[in-house]
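So the structure is just underneath, and the comments pick up after that.
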Amino acid sequence: MTVISMPLKDLPTLAEIEAQWAACEDHVRKERLWRQRGIRKSLGDGTHADMPLWVWKLGGAILAGQPNEAYSDFQTDLRKGLAPAAVAVINIVNGYAGYLPRPDITGATATPYGRRLSAKAVSNCSPAPRSTFPIN
């Protein structure tokens, strides 16, 4: 397993979210705060979160898993970087925090992460030379 330090968007602290939740009377907003609380609780109150990345080599194939929901470009870029190996990618492994935003998407609200993270995750999956690939 490799751990990638992922920068987070400017998010309220866990205590701030819990205070907003306790004071909230709108049931829809309260549900959103509860979900935000869960994400913040799993990521911690810092400005960065550690994202685990698991990579296994199975014969001539490579299996990569991470705990977020990545756009398809994550898989496409990873396959290009690891060609000619067959690559399978698993999203939402051992937890979930949000989407890994594509570098060209700004203002993504469904992610706790900052921009350009999909590319950062791919670069951690496919370093050169391939002999240094973090394979379990």
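Only the coordinates and a few stated rules stand behind these numbers; no lab work does. Here the structure is a predicted model, which is why all the values come from computation and not from measurement. No Cβ is skipped: glycine too gets one built from the backbone with ideal geometry, and neighbour counts run over all protein chains shown.
Here is how the numbers come out for the structure above:
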| read-out | value |
| --- | --- |
| Under-5 Å amide H pairs with A88, H placed in peptide plane, nonlocal only | I62, L63, A64 |
| Directionally averaged shadow of the range 65-105, computed from the convex hull of its alpha-carbon atoms, nm² | 3.0 |
| Relative contact order (%) - criterion: Cα under 8 Å, at least six apart; region: the range 1-105 | 27 |
| Amide hydrogen neighbours beyond the local backbone of H48, cut-off 5 Å, H modeled | L8 |
| Local electrostatic count, E18, Cβ distance below 12 Å [Lys/Arg +1, Asp/Glu -1] | +2 |
| Taking only Cα atoms of the range 16-90, radius of gyration then Dmax in Å | 18.4, 56 |
| For the range 42-52, Karplus couplings with θ = phi - 60° (6.51, -1.76, 1.60), whole Hz, Gly/Pro x | 6, 8, x, 8, x, 8, 10, 10, 7, 10, x |
| Linear extension gain, E69 paired with A19, 0.36 nm per residue minus alpha-carbon span | 15.2 nm |
